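For reference, the structure discussed in these notes is given below.
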């Protein structure tokens, strides 16, 4: 069986060996972390030690770390829960401010609030590179009745498709000045860009942050909602008082221990990892442009930059080709990549992120996302660039014939 070149680390990445060891060890221990007997207390100790380890690594307080099943659940609790809680406290707060760039975990939550809870939405206009400026956010907050009718703002820290990194501290200051909480989906950002989270809910730190394990070498099915101590969203589930009452249910002790290991690794190795994968990213982009100068790079890009764009993200727009054809042809050649979010794989419409950036639909149809991770190598890049010319030619022929 041929070896696949895996360039879809933004969808999920390989589990760290250290995480496998920790999870296997803890899974061999019995005990519900809510039980008061000895095994239960031991399980609880593992959970709380993991919570403290994560809090220390991220620069937050342990009480601000809420364990969830992953980024999607964290986004749902933050957006839906904050809206419902803030509107209950003040019926005038019926507006959500967000962007068309968000993951569907946020967009679908907002759609649910509009359809089922009478919410109104203000969309912040991004630049063509997918940047949300403080001025654009301020203008969105001032619409309608002004900030007094806004329940929550949601802007993702780093875009999962085109790799644009937002200046969340600057956006948090805009929200803080008008007393509106800022939620940010930082699932893609952790381990790739610096996350200044100290003082969560004050100054230039956001109020609510969604994170997950499987993007950083942790287990699938476990994540975090960082919630400042003043934030009390309505829980999405009922049935227990675990996790500040925000996420009831039996805690997955082994997965939480593995998550703590992955978070610590991601933070400690972030700078070196960013430098290494950014060099690979630049080789992909420069190589693709060298093969075909008509290709367009989505989002901001400058060689060596690790602050305005995710270090491990190369997102290309291929004129005259369709994403599904490109993906099929590359997959046949042993290259695993994507057009965008794995959550919308198989959907034949163009990326909502590119359309929100004002990219013409015809060009957005040819999107290709190539994302790098801990196991990526120069050989991976070479194999991609070797397979790309034939894929480009045949994908264009396929569209021309359709």
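Within segment 383-397, can one find any residue that is out of contact with any strand residue (DSSP E or B) (no Cβ under 6 Å at 6 or more places or on another chain), assigned by TED's automatic domain parsing to the domain that holds residue 292 and within 30 Å of residue 266 (Cα to Cα)?
Yes, segment 383-397 has at least one match.
Going by the conditions given, is residue 81 at positive phi and crowded, with 22+ Cβ neighbours inside 10 Å?
no
Which one of 281, 276 is assigned by TED's automatic domain parsing to the domain that holds residue 381, at pLDDT 95 or above, farther than 17 Å from residue 219 by Cβ and within 20 Å of the chain's Cα centre (by Cα)?
Answer to the selection: 281.
Among the residues in segment 96-112, are any closer than 13 Å to residue 149 by Cα and surrounded by 15 or more Cβ atoms within 10 Å (Cβ to Cβ)?
Yes, there is a match, as at least one residue in segment 96-112 is closer than 13 Å to residue 149 by Cα and surrounded by 15 or more Cβ atoms within 10 Å (Cβ to Cβ).
Can you tell me which residue among 277, 263 is in contact with a helix residue (DSSP H, G or I) (Cβ under 7 Å, 6 or more places away or on another chain) and in a helix (DSSP H, G or I)?
Going through 277, 263 in turn, just one is in contact with a helix residue (DSSP H, G or I) (Cβ under 7 Å, 6 or more places away or on another chain) and in a helix (DSSP H, G or I): 263.
In segment 108-118, what residues are in a loop (DSSP other than H, G, I, E, B) and either closer than 26 Å to residue 371 by Cα or under 24 Å from the mean Cα position of the chain (by Cα) (or both)?
Within segment 108-118, no residue meets the criteria.
Considering only segment 301-322, state which residues are in contact with a strand residue (DSSP E or B) (Cβ under 6 Å, 6 or more places away or on another chain), more than 19 Å from residue 352 (Cβ to Cβ) and assigned to a loop (DSSP other than H, G, I, E, B).
301, 308, 312
Run down 259, 289, 246 and say which single residue is modelled with pLDDT of 95 or more and buried (at least 17 other Cβ atoms within 10 Å of the Cβ).
Among 259, 289, 246, only 259 is modelled with pLDDT of 95 or more and buried (at least 17 other Cβ atoms within 10 Å of the Cβ).
Evaluate segment 80-98: report whether one residue or more is under 16 Å from the mean Cα position of the chain (by Cα) and within 20 Å of residue 193 (Cβ to Cβ).
no
Residues that are surrounded by 17 or more Cβ atoms within 10 Å (Cβ to Cβ), out of contact with any helix residue (DSSP H, G or I) (no Cβ under 8 Å at 6 or more places or on another chain), at pLDDT 95 or above and over 22 Å from residue 12 (Cα atoms): does segment 361-371 have at least one?
Scanning segment 361-371 turns up no residue that is surrounded by 17 or more Cβ atoms within 10 Å (Cβ to Cβ), out of contact with any helix residue (DSSP H, G or I) (no Cβ under 8 Å at 6 or more places or on another chain), at pLDDT 95 or above and over 22 Å from residue 12 (Cα atoms).
Please list, ordered by first then second residue, the pairs with beta carbon atoms under 6 Å, 6 or more apart or interchain, first in segment 68-89 and under 14 Å from residue 150 (Cα atoms), second assigned to a helix (DSSP H, G or I) and at pLDDT 95 or above.
So the pair list comes out as 79/106; 79/109; 80/109; 83/113.
If I filter segment 228-242 down to residues being under 19 Å from residue 52 (Cβ atoms) and in contact with a helix residue (DSSP H, G or I) (Cβ under 8 Å, 6 or more places away or on another chain), which single residue comes out as surrounded by the fewest Cβ atoms within 10 Å (Cβ to Cβ)?
229
Would you be able to say whether some residue in segment 321-332 is closer than 28 Å to residue 70 by Cα and either in the same structural domain as residue 213 (by TED's automatic domain parsing) or within 19 Å of the chain's Cα centre (by Cα) (or both)?
no
Here's the yes/no breakdown for (1) over 22 Å from the mean Cα position of the chain (by Cα); (2) closer than 30 Å to residue 169 by Cβ; (3) at pLDDT 95 or above:
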residue	(1), (2), (3)
315	no, yes, yes
334	yes, no, yes
339	no, no, no
346	no, no, no
349	no, no, no
373	no, yes, yes
384	yes, no, yes
389	yes, no, yes
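The values are calculated or read from the model by the stated rules, or taken from the named source; none is laboratory data. All values derive from a computational prediction rather than experimental measurement. Because the Cβ atoms are built from the backbone with ideal geometry, glycine has one as well, and the counts that use them run over all protein chains shown.
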